[in-house]
Amino acid sequence: MQKIIYKLIIMILLFVLSAGYFISNIKETSYSERTETTEMSAASFPTVYMLRGGKKINLLHGYGQEIDALGVRQEITPLENNKSIDFLINDYNNSIVRVEYEVKDKIDNIVIANGEMKTPEIDDEGKRKMSIRLDSELSKDTEFALKLRLVNEDGRKFIFFTTIKFTRGDKFADNYSFAEKFSNAALSKADEKAIKPYLETNASMDNMSYARVNIHSSYETVTWGKLVVERLTEPVVTVTENSENITGLVYKYIAKTAGEVPNYYSIKEYYRVNKVEKVTYLLAFERDVEEIYNPEKTSVARSQLKFGITASPDVDFKMDAKKEYIAFERERDLWYYETKNNKMKRVFSFFGDDFLDERTYYDNHAVKVLRMEDNGDLYFIVYGYMNRGVYEGRTGIVLYKYLRADDRIEEQAYIPVSLPAQFFEEGISDFSFVSTEQFFYFSLYDKIYSYSLIKRKLSVLAENISGGSYLALSENNHIVWQETTDATKVKKLIIMDLETRRRTEINASDKTVLRLLGKISGNFVYGVAYKKDIVNGKDGIINIPYKKLIISDVTGKTLKDYEKKKIYVTGIDIVNDTIELERVKKQGSKLVRIKTDHILNNIDKPNTEVMVVDRRTDKYLTEYYLTLPYGLKLEKIPKVSSSTLNTVITRDLTIRLGENGKESKEKYFANVAGEFSASSYKAADMIKVADEGMGYVLDIAGGLVWERGRVSASAKAEDVDVDYVYEEDDSVHSAIRLFLTAKGIYISTEDLNKKGTIMDILRSQSEISPINLTGVDFDNILYYIAKGSPVIAMKDGKTAVLLTAYTPQKIEVMNAKTGKKSQMERKEAEKMFKAAGNAYISALN
């Protein structure tokens, strides 16, 4: 026994000695990150200018990764009459040796032309001029996707996209010349005849600001009044639309005022010009001006930072509790001000110092300030297309942290996004947040995500979140969402405190459902409806009359409610501090629309010590300034320090969304004055926006959904097969059958009789892309007939008909049960369908 004990002791000693030896001799492997810093790398990609009639249009910026060309439609490149595609390449020292091209039909997704070419020698201006001649038949006014791959001598590829369109005999050259002359005359003030006859000056514009002027502004405001403004950069001209007579053009350039310390402005001008025979009409003109922030323009006497001329005075800023640090964004630049030291720093910018590089002031990205720490550290995101730096030529979201003590920015996370920037910027702008516990929250692809910056772990908080089914309450660091997107089944609203991650629920009773309707002053508004009152239309549109309206705070506490006997709320519109209620009244079994009502918001709003104020002068009209917190007084202009450095990170910070990273629903985007201004899952909402702004609507794939002014005086849709009428079908099913025959589709009775709405049945046919147009004004429905597609319309809640043709006075209506056509006066038809709720369905192809 004693020998065994000795052996055990010896073995333990040997183990300890061996372990000590190995521990002392094995080198420790370190995984610490480098903290080397460097300036942001300069832009390196080549650029492509499209040409039309020798004029440079549509400056294309390259992508470093493949993106579906069908989804990219930021401009239209009108082809020459000989169907040639002409363009200029600016190598920017890339030594481009080969160009590969591909042209696709945007409707059928079929390649109609492809090939590759060697590049010619660089010309005297440092460009390579090239041309592609298309031999294929191109349907008039049909859009095609062009993809260019530029290959340099090292084999590196740069990818460019544009949408091309062939319209023989268009008035593009004349319309372009008109806009060019108008733009030059506005700056020179020397050619009154080039401007004054085309303005429609009226009282809708007060002419007290240069930030936003339009066709209704005065001649003096359009020509800059007492200001002398000159271009600093050559205008980048983008074509937003082009048809036989109408052209939409956007001019973007940097300008400055004359003076000892000039003001610099980022300017966008939009023109919609119509040439009919020898007469030119200016259908729309808008000019937006954003002053580029310059610390030298600080108002020392009033302790105010000057933002100057701006159409967006609501500043995105963050400040620490002690008011020592203020960060704010202006014109995609992030500025950081230290109040104690009176020191200003530009923390992030793609701009160059001299505005000479057209790649750096490309505006397809945004910057958002997320969080200021008490020690002055700052979280912010850059999202959209990356002009330069390590992610140049990619679209995505980059989360940065500015480390004040080290005066450097450090990347925290990178989210690659396969969508074009205009399709996801709105959602990120609406909701993104970093908590004190270092959770990064954001909304993308109809989901709410939470990402732990400490554990590097991604989680999905909520799925199928779309449109108004969630609200970000940034004032209180909360978010609220519905448990389901099915409006008829919402039994629960979930409120989440993004700091504590604590959730609060608001539950419906057994007989009711809930629905989020909007937000006001950091609180949210929701409706309560009885299940029995909900109307499910055959067109797939659900009408929910709300018996009660509730304004709630972020704890779920009711602050105010609205309820009237026999009166229901069908929708709300929130403007400033007033909620306008759309209402109906019960009369027998029907709901009849009645006068709107209003709720005035008298709930206390949080005070802020930093605010934006305006000042007016005869020379600059209205300018805006940011006031400093009370007690802080400037003695002199802030000292501007050198540029902030980037930290070189050696590990991969990419957040990979995997299967989550896909857009799953139909979504529509309205483009007004050359910019994507709104998005919605309801096509009717976006068509209304585009109609008011003389723009167009795209779907998530980049397909054209609707375009203002594209309706001829008379038109006829594709023929339907009237022999394909079954006596046993009701009008709705018969209308579906007949509609599909116009598309060459003959649906089986079994598929037709499957449960679902009209849209459900049409979606089951992969050959077409149906679109629910319920809510669209009658005149705008004619667009689809003019495109050759019949329109299914509901005469009432049960009876469906087909609209198949129109003239200036008449509309052709087909009885779906019999296949017989009749003519109705357009005004009479408009009145009838409006009374039925403007319920329409058609298809995009």
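Some values worked out for this structure:
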read-out	value
Subset tally (residues that are touching a Pro at 6+ places or on another chain (Cβ under 9 Å), within 13 Å of LEU517 (Cα to Cα) and not hydroxyl-bearing (Ser, Thr, Tyr)) for the range 557-595	1
Any hit, the range 750-766, residues being in a loop (DSSP other than H, G, I, E, B), of a type outside the set (A, V, I, L, M, F, W, C), in contact with a strand residue (DSSP E or B) (Cβ under 6 Å, 6 or more places away or on another chain) and closer than 26 Å to SER680 by Cβ	no
Only listed residue being at pLDDT 90 or above, of a type in the set (Asp, Glu) and not assigned by TED's automatic domain parsing to the domain that holds LYS754, chosen from ASP553, ASP539, ASP533, ASP486	ASP553
GLY389, sole failed condition from (1) of a type outside the set (Lys, Arg); (2) in a strand (DSSP E or B); (3) in contact (Cβ under 8 Å) with a residue 40 or more places away in the chain	(2)
In the range 697-729, residue modelled with the highest pLDDT [restricted to those that are among the small types (Gly, Ala, Ser) and surrounded by fewer than 16 Cβ atoms within 10 Å (Cβ to Cβ)]	SER714
Residue that is nearest to GLU505 (Cα to Cα) [pool: residues in the range 517-534 that are under 23 Å from the mean Cα position of the chain (by Cα) and hydrophobic (A, V, I, L, M, F, W, C)]	LEU517
Boolean, GLU143 is in the same structural domain as GLY225 (by TED's automatic domain parsing) and acidic (Asp, Glu)	no
Sole residue being under 17 Å from the mean Cα position of the chain (by Cα) and within 18 Å of MET319 (Cβ to Cβ), chosen from LYS340, LYS368, LYS401, LYS345	LYS368
Members of the range 698-727 that are assigned to a loop (DSSP other than H, G, I, E, B), within 28 Å of THR163 (Cα to Cα) and among the aliphatic types (A, V, I, L, M)	ILE700, ALA701, VAL711, ALA713, ALA717
Given (1) touching a strand residue (DSSP E or B) at 6+ places or on another chain (Cβ under 6 Å); (2) assigned to a helix (DSSP H, G or I), number of the condition HIS733 does not satisfy	(1)
Selected residue (only one of ASP314, ASP363, ASP377 is modelled with pLDDT under 90 and either in the same structural domain as PHE442 (by TED's automatic domain parsing) or surrounded by fewer than 20 Cβ atoms within 10 Å (Cβ to Cβ) (or both))	ASP314
Only listed residue being free of Cβ contacts under 8 Å to residues at least 60 places away in the same chain, touching an Asp or Glu at 6+ places or on another chain (Cβ under 7 Å) and either over 17 Å from ASP354 (Cα atoms) or surrounded by fewer than 20 Cβ atoms within 10 Å (Cβ to Cβ) (or both), chosen from VAL261, VAL276	VAL261
Some residue of the range 450-462 being touching a His at 6+ places or on another chain (Cβ under 9 Å) and farther than 24 Å from ALA683 by Cβ	no
Number of positions in the range 556-580 that are under 13 Å from PHE524 (Cβ atoms) and either modelled with pLDDT under 90 or aliphatic (A, V, I, L, M) (or both)	4
Residue that is farthest from ILE841 (Cα to Cα), among those in the range 736-749 that are modelled with pLDDT of 90 or more and in a helix (DSSP H, G or I)	THR741
The lone exception for ASN602 - which of (1) surrounded by 12 or more Cβ atoms within 10 Å (Cβ to Cβ); (2) more than 20 Å from ASP314 (Cα to Cα); (3) over 29 Å from the mean Cα position of the chain (by Cα) it fails	(1)
Count of residues meeting criterion [hydrophobic (A, V, I, L, M, F, W, C) and in contact with an Asp or Glu (Cβ under 8 Å, 6 or more places away or on another chain)] in the range 793-810	3
Residue within the range 132-152 that is more than 17 Å from VAL239 (Cβ to Cβ) and among the hydroxyl-bearing types (Ser, Thr, Tyr) present	yes
Scope the range 467-486; condition surrounded by fewer than 19 Cβ atoms within 10 Å (Cβ to Cβ), without any contact (Cβ under 8 Å) to a residue 60 or more places away in the chain and within 24 Å of ALA684 (Cβ to Cβ); matching residues	GLY468, THR484, ASP486
Those residues of the range 360-379 which are farther than 20 Å from GLU499 by Cβ and assigned to a strand (DSSP E or B), in sequence order	HIS365, ALA366, VAL367
Unique match (being in the same structural domain as SER266 (by TED's automatic domain parsing), more than 25 Å from PHE87 (Cα to Cα) and in contact with a helix residue (DSSP H, G or I) (Cβ under 8 Å, 6 or more places away or on another chain)) among ALA186, ALA203, ALA190	ALA186
Residues located in the range 765-807, provided they are surrounded by fewer than 21 Cβ atoms within 10 Å (Cβ to Cβ), touching a Ser or Thr at 6+ places or on another chain (Cβ under 7 Å) and farther than 27 Å from SER748 by Cβ	ALA786, THR807
Among residues of the range 407-461, those that are in a loop (DSSP other than H, G, I, E, B) and either buried (at least 18 other Cβ atoms within 10 Å of the Cβ) or β-branched (Val, Ile, Thr) (or both), counted	12
Residue that is farthest from TYR383 (Cα to Cα) [pool: residues in the range 317-327 that are out of contact with any Leu (no Cβ under 6 Å at 6 or more places or on another chain) and either buried (at least 22 other Cβ atoms within 10 Å of the Cβ) or basic (Lys, Arg) (or both)]	LYS322
Test for LYS171: is it of a type in the set (D, E, K, R) and within 23 Å of VAL289 (Cα to Cα)	no
Out of SER32, SER95, SER18, SER44, sole residue that is out of contact with any strand residue (DSSP E or B) (no Cβ under 6 Å at 6 or more places or on another chain), of a type in the set (S, T, N, Q) and modelled with pLDDT of 85 or more	SER44
Cβ pairs under 9 Å, 6+ apart, first in the range 222-238 and part of a helix (DSSP H, G or I) and modelled with pLDDT of 95 or more, second charged (D, E, K, R) and buried (at least 20 other Cβ atoms within 10 Å of the Cβ)	VAL222/ARG287
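The values are calculated or read from the model by the stated rules, or taken from the named source; none is laboratory data. As the structure is a prediction and not an experimental result, all values here were calculated from the model. Every residue, glycine as well, gets a Cβ built from its backbone with ideal geometry; the counts of neighbours run over all protein chains shown.
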